[in-house]
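Reading through the structure tokens given below for one structure.
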Amino acid sequence: MALASDILNAALEAYALAKFFGKGAGLDALKETVAARTKRERKPSPVVAA
């Protein structure tokens, strides 16, 4: 479990660096792939009837 956490943290750091330095560096495909993988959709808030 700890290894998976370390791998995820390293991947997220690499993604942040790719976003920062990626303009013109040919990393657009990598950024799009990782962005699609890490995209989180918010769950709708439950509506409570009063």
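Read the figures in this text as sums done on the coordinates, not as results from a lab. From a predicted model like this one, the values you see are computed outputs, not experimental measurements. So basically every Cβ, Gly included, is an ideal-geometry build from the backbone, and we count neighbours across all protein chains shown.
Things worth noting here:
- Rounded to whole Hz, the Karplus (6.51, -1.76, 1.60) HN-Hα couplings of the stretch 5-16, x for glycine and proline: 5, 5, 5, 5, 4, 5, 5, 5, 5, 5, 5, 4
- Extension gain, ALA36 back to GLU13 (0.36 nm per residue minus Cα-Cα distance, nm): 6.7 nm
- Among 3-12, 28-37, the peptide with the highest mean count of other Cβ atoms within 10 Å heads the list, and the full ranking is 28-37, 3-12.
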